[in-house]
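Enquirer: Let me give you the structure first, and then I'll get to my questions.
Derivation of every value follows stated rules applied to the coordinates shown; laboratory data play no part. Note that the coordinates shown come from a computational prediction; the quantities given were computed from them, not determined experimentally. Note: ideal-geometry Cβ built from the backbone for every residue, glycine included; neighbour counts use all protein chains shown.
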Amino acid sequence: MKILSVNIGQVRPYPWRNGTESAILKSPVDGNGVAVHSLGLEGDEQADLKAHGGADKAVLCIPQSNYALFEVHQGFGFLGENLTLSDVDETQIQLGDQLQAGDVVLEVSQPRSPCWKLNEITQDPQFLKRYSDSGRVGFYCRVLEPGTLERNEQVSLRHLDADSEHPAISIQSLFLAKHRVQTRKAQSGDLALLALAVQHPALSSAWRQELTKLLERQPS
């Protein structure tokens, strides 16, 4: 796996919904590396701090293959990611995985929760549905060890040791289970997977709260 692009963005106004501020569009950083700390990349901004940012969602990663999958022809960072990664996808990345690039160590904390702004930037009213239905949504990481991230840097992937209490849960399977339950299209095993995810030590606090409430609303 390799970092193909390191991307940051600043808050700017958009005309969407009678005026919206967002930093969803990121741009690649050329030259020297970018410092990353517990709250994210140096110079990167978030407009809605309730939905974005924070220690559990410090760095958003998206596989390069998603650009081809969704026929997005713009440059890296267009889908809102901080890191564009090669040779991996959401079927291979698991909750609690650790990604190391140089001195930096990241821990996978949750799938991305995509929102309506993706329809706006792509000018495709069906983009969010296709994106969500695929489960190929990208993933957030917390920063375990800060440092500097650079384009073309190699990334090593270490899976959390799975056991009966905390089994391996891929980002795609976790997102799709939550998405199907929310849309009342749950399949066999979805609720059980969400119940396991709630107990997983790496899960972000935001998703833990969401999944707990979602499970509580299900008929016994």
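Enquirer: What size of dipole, in debye to the nearest 20, comes out for the stretch 3-158 about its Cα centre when the only charges are +1 on Lys and Arg C-beta atoms and -1 on Asp and Glu C-beta atoms?
Expert: 480
Enquirer: Once Lys and Arg get +1 and Asp and Glu get -1 on their Cβ, which of 67, 79, 19 lies farthest toward the positive end of the dipole of the stretch 1-151?
Expert: The Cα lying farthest towards the positive end belongs to 19.
Enquirer: Starting from the coordinates of the alpha-carbon atoms of the chain, obtain the Kirkwood hydrodynamic radius over all distinct pairs and give the value in Å to one decimal.
Expert: 17.7
Enquirer: In terms of the Cα gyration tensor, with a ≥ b ≥ c the square roots of its eigenvalues, is the stretch 90-135 rounded because a/c is under 1.5, prolate because a/b exceeds b/c, or oblate?
Expert: Verdict is prolate for the stretch 90-135.
Enquirer: Can you compute the helix-only [θ] at 222 nm over the chain? Use -39500 (n - 2.57) per DSSP H run of at least 4 residues, normalise by all residues, nearest 500 deg cm²/dmol.
Expert: Computed ellipticity for the chain at 222 nm equals -6500 deg cm²/dmol.
Enquirer: With +1 on the Cβ of every Lys and Arg and -1 on the Cβ of every Asp and Glu, and nothing else charged, how large is the dipole of the stretch 171-216 about its Cα centre, in debye rounded to the nearest 20?
Expert: 140
Enquirer: Sort out for me the Cα centre separation of the stretch 1-58 from the stretch 66-94, rounded to whole Å.
Expert: About 15 Å separates the Cα centre of the stretch 1-58 from the one of the stretch 66-94.
Enquirer: Now for a different question. Can you pull the three principal axis extents for the Cα set of the stretch 1-82, in Å, largest first?
Expert: Dimensions of the stretch 1-82 along the principal axes of its Cα atoms: 39, 32, 24 Å.
Enquirer: Among 57, 185, 117, determine the one that fluctuates most according to a GNM of the chain built with springs between C-alpha atoms less than 10 Å apart.
Expert: In the Gaussian network model the winner is 185.
Enquirer: With the dipole of the stretch 171-216 worked out from charges on the C-beta (+1 for Lys and Arg, -1 for Asp and Glu) around the Cα centre, which of 177, 196, 212 lies farthest toward the positive end?
Expert: With unit charges placed on the Cβ atoms, the residue in question is 177.
Enquirer: How much of the pair distance distribution for the stretch 44-159 lies past 21 Å, counting alpha-carbon pairs only, in percent?
Expert: Taking all Cα-Cα pairs of the stretch 44-159, the fraction more than 21 Å apart is 35 percent.
Enquirer: A further question on this structure: Using 18 Å as the cut-off for backbone N distance, which residues of the stretch 182-205 belong to the label zone defined by a point 7 Å from the Cα of residue 163 along Cα→Cβ?
Expert: Counting backbone N atoms under 18 Å from the label point, the list is 196-203.
Enquirer: May I ask for the net charge around residue 183, where only other residues with Cβ less than 12 Å from the Cβ of residue 183 are counted and Lys, Arg are +1 while Asp, Glu are -1?
Expert: Spelling it out: positives minus negatives among the neighbours equals +3.
Enquirer: Same structure, new question: Just to compare against my own numbers: the Cα pair-distance distribution for the stretch 171-216, 5 Å bins, whole % per bin, please.
Expert: 5, 23, 40, 25, 6, 1
Enquirer: Would you kindly work out the equivalent ellipsoid of the stretch 128-201 from its C-alpha gyration tensor and give its semi-axes, the square roots of five times the eigenvalues, largest first in whole Å?
Expert: Ellipsoid half-lengths, sorted descending, are 27, 18, 10 Å.
Enquirer: Next up: Mind telling me which of 191, 79, 60 comes out most flexible in a GNM of the chain, alpha-carbon contacts under 10 Å?
Expert: Residue with maximal mean-square fluctuation among 191, 79, 60: 191.
Enquirer: Ok, one more. Have a look at 152, 18, 32 and tell me which one the Gaussian network model of the chain (Cα, springs below 10 Å) gives the largest fluctuation.
Expert: Sorting by GNM fluctuation, first place goes to 18.
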